[in-house]
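Participant: After the structure tokens below, expect a handful of questions from me.
The values are calculated or read from the model by the stated rules, or taken from the named source; none is laboratory data. Quick caveat, the model's predicted, so the values are computed rather than measured. Using ideal geometry, Cβ is built from the backbone for each residue, glycine included, and neighbour counts are taken over all protein chains shown. Ligands, DNA and RNA are excluded from the accessible area calculation, which covers all protein heavy atoms including side chains. Shrake-Rupley method; radii C 1.70, N 1.55, O 1.52, S 1.80 Å.
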Amino acid sequence: MDHFNSIIGQSPALDSLIRSAKIVAATDVTVMIKGETGTGKEVLATAIQKASPRAQKAFITLNCAALPESLIESELFGHKKGSFTGANSNKQGLFQAAHGGTLFLDEINSLPVSVQAKLLRFLESGECLAVGETKPHKVDVRVIAATNSDLTKQINAGEFRQDLYFRLNVVPLELPPLAHRIEDIEHLIKHFLAWFADVYSITPPKFSKQSLKILKNYPWPGNIRELRNLCERLSILLAGKTIEPENLPLELIAHSNNAPKTLDFTLPEIGVQLDSLEANLIHQALNRTQGNRSQSARLLGISRDTLLYRMQKHGLATH
């Protein structure tokens, strides 16, 4: 069974990421998943765990931003009765609970500096020290971490330990934002509409060509989560109907109205050499942006990963 089927899409960047994730899953190496909010970091972490030798063992998730600093150390490492006010009994930490399995630390960028040293100690020695205890105990846990922010900036600001970053970042896997994988939008929409049709026992709606065009040109600041929520809303409100541009949220329509209009191109009678034309346009875009791939991709109306793929196809430098 391919546990990575839960990650929907066929863009070159996603294919490359999944190939790396499958290799990593078979090992016990520490993994750092990077990506904007809503790109599917927990989905990827779950796929890695299910495809790993620890699949039948515990898989525990902790969102490091969800707990106050005063509680997170106790949650991770446990505490001894009487170690602080309110500690009325011994408490097992998540590392102990995940023994033999996997612990997924989401939003690791929110982990307090005071707890980072203890996490580093565990990663280096496998030892956990509960709050109030003097003797550490060993546990066997694989750690997968995820972040939605640039940890190097936090390191420079003194908010994240550099030694911990290096220890967590053994194998980095970066999920591209949805705006960089527009080829996958239709695949995701098809998946979500079928999913919600099943969940709510309704006939799925359909997107008109014009609506799909608007969706593909939208920057999706909330990424896949934002698209999923849109599909759920429209599945319920417009079940069995065709979704036209006027049915879309105002922010999508407003962005579409402000986007540069596509120029009509008339094919000459003698035809064109499409490959040469494409290569020439890519070359012009790179020259105009002094080689900036992201800006060039925007000029050409394609994703950065598609640009890199086509540069490679045409033998243009990709390094």
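Participant: So, with +1 on the Cβ of K and R and -1 on the Cβ of D and E, and no other charges, what is the size of the charge dipole of region 230-319 about its Cα centre, to the nearest 20 debye?
Facilitator: On the way: 9 positive and 9 negative charges, 74 e Å.
Roughly 360 debye for region 230-319.
Participant: DSSP loop trypsin sites (Lys or Arg not before Pro) in region 144-243 with at most 16 other Cβ atoms within 10 Å of their Cβ, which ones? Present the calculation step by step, with values, prior to reporting the outcome.
Facilitator: Values: sites: Lys153, Arg161, Arg167, Arg181, Lys190, Lys206, Lys209, Lys213, Lys216, Arg225, Arg228, Arg233, Lys241; in loops: Arg161, Arg181, Lys241.
Taking region 144-243 and a limit of 16 other Cβ atoms within 10 Å, the loop trypsin sites (Lys or Arg not before Pro) found are Lys241.
Participant: Find me the longest stretch of the chain that has none of the exposed chymotrypsin sites (Phe, Trp or Tyr not before Pro), where exposed means in a DSSP loop (not H, G, I, E or B) with at most 13 other Cβ atoms within 10 Å. Don't skip to the answer; put the middle values down first.
Facilitator: On the way: sites that count: Phe84, Phe265.
So the longest stretch without any such site is 85-264.
Participant: Can you find, among Leu111, Gly132, Gln154, the residue sitting farthest towards the positive end of the charge dipole of the chain, where Lys and Arg contribute +1 and Asp and Glu -1 at Cβ?
Facilitator: Of Leu111, Gly132, Gln154, it is Gly132.
Participant: Determine the order of His187, His79 by accessible area, beginning with the largest, at a probe radius of 1.4 Å.
Facilitator: Details: His187 70, His79 25 Å².
Descending order: His187, His79.
Participant: Here's another thing I want to ask about it. So for region 29-95, averaging the separation of alpha carbon pairs under 8 Å that are six or more residues apart and normalising by length, what relative contact order in percent results? Mind showing how you got there, number by number?
Facilitator: Numbers: 41 pairs, mean separation 12.4, N = 67.
Relative CO of region 29-95 lands at 18 percent.
Participant: For region 39-71 and region 271-311, compute the distance between their C-alpha centroids and round to whole Å.
Facilitator: Their Cα centres are 38 Å away from one another.
Participant: As an exercise, identify the trypsin sites (Lys or Arg not before Pro) in region 48-98 lying in DSSP coil whose Cβ has no more than 12 other Cβ atoms within 10 Å. Walk me through the numbers before you get to the answer.
Facilitator: Details: sites: Lys50, Arg54, Lys57, Lys80, Lys81, Lys91; in loops: Arg54, Lys57, Lys80, Lys81.
In loop regions of region 48-98 (DSSP not H, G, I, E or B), the sparsely surrounded trypsin sites (Lys or Arg not before Pro) are Lys81.
Participant: Give, in nm to one decimal, the length gained when the segment between Val113 and Glu246 is fully stretched (0.36 nm per residue of separation minus the Cα-Cα distance). Could you put the intermediate results ahead of the total?
Facilitator: On the way: separation 133, 0.36 × 133 = 47.88 nm, distance 4.86 nm.
My answer for the length gained is 43.0 nm.
Participant: Ok, one more. For Ser149 and Trp195, FRET efficiency with R0 = 30 Å and r from the beta-carbon atoms, rounded to 0.05?
Facilitator: On the way: r = 29 Å, r/R0 = 0.98.
Given R0 = 30 Å and the Cβ-Cβ separation, E is 0.55.
Participant: Ok, one more. Per the 1.4 Å probe, what fraction of the accessible area of the chain, in percent, lies on carbon and sulfur atoms? Display every interim value, and only then the final one.
Facilitator: Working: 8910 of 17520 Å².
C and S atoms contribute 51 percent here.
Participant: Just to confirm my numbers, what's the Cα centroid distance between region 156-206 and region 210-249 in Å?
Facilitator: After rounding, the separation between the Cα centres reads 17 Å.
Participant: For region 208-319, what relative contact order do you get, as a whole percent, if you take Cα pairs closer than 8 Å and at least 6 residues apart?
Facilitator: Values: 56 pairs, mean separation 20.6, N = 112.
Dividing the mean separation by the residue count of region 208-319 yields 18 percent.
Participant: Further question: Using a 1.4 angstrom probe, figure out how much accessible area region 14-147 has per residue, in square angstrom, rounded to the nearest whole. Each step should come with its number before you reach the end.
Facilitator: Values: 5870 Å² over 134 residues.
Computed with neighbouring chains in place, this is 44 Å² per residue.
Participant: Given the Cα-Cα distance of Ser83 and His99 and 0.36 nm per residue of separation, how much length would full extension add, in nm?
Facilitator: Net length gain for the segment: 3.4 nm.
Participant: Something else about it: Multiply the residue separation of Thr266 and Ala58 by 0.36 nm, subtract the distance between their alpha-carbon atoms, and state the gained length in nm to one decimal. Kindly include the intermediate steps, with their values, before the conclusion.
Facilitator: Values: separation 208, 0.36 × 208 = 74.88 nm, distance 6.03 nm.
Full extension from Thr266 to Ala58 adds 68.9 nm.
Participant: Also: Keeping every protein chain in place, order His314, His283 by accessible area at 1.4 Å, biggest value first, i.e. largest first.
Facilitator: On the way: His314 45, His283 95 Å².
Correct descending sequence by accessible area is His283, His314.
Participant: Let me ask something else about it. In region 224-319, which GluC sites (Glu not before Pro) fall in coil by DSSP and have 14 or fewer other Cβ atoms within 10 Å? Write out the running numbers ahead of the final one.
Facilitator: Details: sites: Glu226, Glu232, Glu246, Glu251, Glu269, Glu278; in loops: Glu269.
Answer by residue number: Glu269.
Participant: With every protein chain left in place and a probe of 1.4 Å, what is the accessible surface of Thr85, to the nearest 10 Å²?
Facilitator: That residue has around 140 Å² of solvent-accessible surface.
Participant: Treating only the Cβ of Lys, Arg, Asp and Glu as charged (+1, +1, -1, -1), what charge dipole size does the chain show about its Cα centre? Round to the nearest 20 debye. Don't skip to the answer; put the middle values down first.
Facilitator: Working: 35 positive and 32 negative charges, 81 e Å.
Around 380 debye, computed over the chain.
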